1. Would you tally the residues in region 168-189 being in a helix (DSSP H, G or I) and in contact with a Leu (Cβ under 7 Å, 6 or more places away or on another chain)?
2. Could you look through region 50-76, keep only residues that are in a loop (DSSP other than H, G, I, E, B) and in contact with a strand residue (DSSP E or B) (Cβ under 7 Å, 6 or more places away or on another chain), and pick out the one that is modelled with the lowest pLDDT?
3. Look through L64, L111, L60, L98 and report the one residue that is open to solvent by 100 Å² or more (accessible area, probe 1.4 Å) and either touching a residue at least 12 places away in the same chain (Cβ under 8 Å) or closer than 30 Å to N146 by Cβ (or both).
4. Are any of the residues in region 167-178 open to solvent by 60 Å² or more (accessible area, probe 1.4 Å), within 16 Å of the chain's Cα centre (by Cα), touching a residue at least 12 places away in the same chain (Cβ under 8 Å) and more than 22 Å from R43 (Cβ to Cβ)?
5. Among the residues of region 28-39, which ones are surrounded by 11 or more Cβ atoms within 10 Å (Cβ to Cβ) and without any contact (Cβ under 8 Å) to a residue 12 or more places away in the chain?
6. Pairs, please: C-beta under 7 Å, at least 6 apart or cross-chain, first residue free of Cβ contacts under 8 Å to residues at least 24 places away in the same chain and in region 147-161, second not β-branched (V, I, T)?
7. Could you list, in sequence order, all residues of region 6-27 that are among the aliphatic types (A, V, I, L, M) and open to solvent by 90 Å² or more (accessible area, probe 1.4 Å)?
8. So A42 ticks every box in (1) surrounded by 12 or more Cβ atoms within 10 Å (Cβ to Cβ); (2) closer than 16 Å to H107 by Cβ but one. Which box is left unticked?
Amino acid sequence: ILADQVSIAIENARLYETTRKSLEQTESTYRQYVQNEWTHFAREENLSGFQYVDGNSAPLQVPLDLGEVAHFVHSGNIHQSDAGADGKPARLAVPVKLREEVIGVLHISTLEKSRWADDDVDIAVAVADHLALAIENARLFQASANRAARERIVSDISSKISGNIHVKDILQTAAQELSQALQGSDVLIQIQSSKQP
């Protein structure tokens, strides 16, 4: 009986370790997927962020250099600094994280306070969490809309091709429709002969 119990305990430990490793691998793969998707999305949208200063909001043309703050934020930590006597503002940087993957930074500075209160930090963290979910939902919605538009184009081209019974007409229609769908790109469709040149 004791041998059976030891055997079951060893098997449970082995299964637990296997499951833990699989979970770690899945989480790592998902984090890499999220990072790749966000990098691709930001590049495709030519989006660096927004800045609100003195009552004016404007898109960032290029990402700002946050200096030492970037190291803390990219490792997933909050960074705060008190105002300096030299007129340096109090600063707070909160990572914007999506499922533990940093996709951005919420950076706040003020001359009105000498240091950040715990309530201020809690508000910034809550906003960063909601911000991550909102922009991920917007990204997913846009990706779905783009996918639907691509499917509609393919469906339209396919229906126009299907209406022809001559190979010449099929090839001509496919080339014309694909050129129109790709904003006037040049299209070549070549039938491969069975003999190699």
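1. From region 168-189, those in a helix (DSSP H, G or I) are 168-181; that's our starting set.
Retained after the next criterion (residues that are in contact with a Leu (Cβ under 7 Å, 6 or more places away or on another chain)): none.
Residues in region 168-189 being in a helix (DSSP H, G or I) and in contact with a Leu (Cβ under 7 Å, 6 or more places away or on another chain): 0 in total.
2. In this case the residue turns out to be L66.
3. L111
4. Just the residues of region 167-178 that are open to solvent by 60 Å² or more (accessible area, probe 1.4 Å), to begin with: 167-168, 172, 176, 178.
If we keep only those that are within 16 Å of the chain's Cα centre (by Cα) as well, we get none.
No.
5. Hits for region 28-39 are Q32, Y33, T39.
6. Close Cβ pairs satisfying both conditions: K160/E177; I161/A174.
7. If the condition is that a residue be among the aliphatic types (A, V, I, L, M) and open to solvent by 90 Å² or more (accessible area, probe 1.4 Å), then I8, I10, L23 are the ones that fit.
8. So A42 meets the others, but not (2).
The values are calculated or read from the model by the stated rules, or taken from the named source; none is laboratory data. Bear in mind that the values here come from a model prediction, so they are computed numbers and not experimental data. We place every Cβ from the backbone using ideal geometry, glycine too, and count neighbours over all the protein chains shown. The area values use the complete protein model at the heavy-atom level, side chains included, leaving out ligands, DNA and RNA. Shrake-Rupley method; radii C 1.70, N 1.55, O 1.52, S 1.80 Å.
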